[in-house]
Amino acid sequence: MRVSPYFDEKQLRSTVSRGGHREAIGGLWEEMGQLQIEFLLAQGLSPAHRLLDVGCGALRFGVKAVDYLDAGHYYGIDISESLIAAGYERELDDAQRVRLPRRNLHATANFDLSFLDAGIDMALAQSVFTHLPFNHIRRCLDAVAGRLVPGGRLYATAWIVDDAWPVAQPHDWAGTIDGQPIRTFDIADPYHYRLADFAHAVEGLPLDLEWMGDWGHPRGLPMMVFHRR
């Protein structure tokens, strides 16, 4: 079974040390950063909101969000301390680091959100669930649900196959990564799921699932939103 490279911190440290932190999170640095901020603005993000970036990596989206949000209102978690450090030290300027305290960024492999000092209005997990087994996703949803304010929202992308698709069969998608066709799997990275899997994952949680679909992702990765009741 192929495991996500994001679980290999030793390899990530090596990549970061060579200046490869942008490529390590999938490239498309400016395009994806801009897409994410424009998407959330269209969803009603305001400067006063507190925003959690799940899988913040080297702050591809963070560098955009920090300039828009009120100081201290951007928070990020990622499995890799190396990527977080590279983003904070190499991608932010001095003024942005003043607006984003280092304590607002937290490396965690189990979605520990105990570092948060306030409730979250919006959260974004862009290209996170594509690399996670189901129980990791369920842990993430449970953790974020406990920190979202009533009416808060978690936006998340995932590869979703039709209900009729034999889930154990690999699925080929129209986009490419590094010139190679995108192929997803049920028990290997990158993962695909049925929408019903996410409906099951929020059973017992104060979250309602809504399918959004296309949001302009250059590789066709669709979007869902989880509403906090």
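Using Cα springs under 10 Å in a Gaussian network model of the chain, which residue among ARG90, ARG138, ARG147 shows the largest mean-square fluctuation?
Comparing ARG90, ARG138, ARG147 in a Gaussian network model of the chain, the most mobile one is ARG90.
Hey, got a sec? Which chymotrypsin sites (Phe, Trp or Tyr not before Pro) in segment 85-141 land in a DSSP loop and have at most 14 other Cβ atoms within 10 Å?
The qualifying sites are PHE115.
Once you order the gyration tensor axes a ≥ b ≥ c over the Cα atoms, which shape class does segment 47-106 get: rounded for a/c under 1.5, otherwise prolate or oblate by comparing a/b with b/c?
Note, shape of segment 47-106 comes out oblate.
Running a GNM on the chain with Cα contacts under 10 Å, which residue among ARG13, ARG102, ARG219 ends up with the highest mean-square fluctuation?
ARG219
Compute the accessible area per residue over the chain, keeping the other protein chains in place, probe 1.4 Å, unit Å².
Solvent-accessible surface per residue comes out at 45 Å².
Report the relative contact order of the chain, percent, no decimals, based on alpha-carbon pairs under 8 angstrom and at least 6 residues apart.
This gives 17 percent for the chain.
For the chain, modelled as a Gaussian network with Cα springs under 10 Å, which listed residue fluctuates most, LEU92, LEU28, LEU52?
Maximum among the listed residues: LEU28.
Ignoring ligands, DNA and RNA, what percent of the 1.4 Å accessible area of the chain is carbon and sulfur?
Carbon and sulfur: 51 percent of the exposed surface of the chain.
At HIS227 and ASP8, where each label point lies 7 Å from the Cα along Cα→Cβ, what is the point-to-point distance in nanometres?
4.2
I'd like the antiparallel share, as a percent to the nearest 5, of DSSP beta bridges with both residues in the chain.
45
Can you grab the distance from the C-alpha centre of segment 144-220 to the C-alpha centre of segment 43-121, Å, no decimals?
23
For the chain, what does the helix formula give at 222 nm: sum of -39500 (n - 2.57) over DSSP H segments with n ≥ 4, over the residue count, nearest 500 deg cm²/dmol?
That calculation yields -7500 deg cm²/dmol at 222 nm.
The values are calculated or read from the model by the stated rules, or taken from the named source; none is laboratory data. If you're wondering where the values come from, they're calculated on a predicted model, not measured in any experiment. Counting neighbours? That spans all protein chains shown, and the Cβs are built from the backbone with ideal geometry, glycine included. These accessible areas exclude ligands, DNA and RNA; they are computed on the full protein's heavy atoms, side chains included. Shrake-Rupley method; radii C 1.70, N 1.55, O 1.52, S 1.80 Å.
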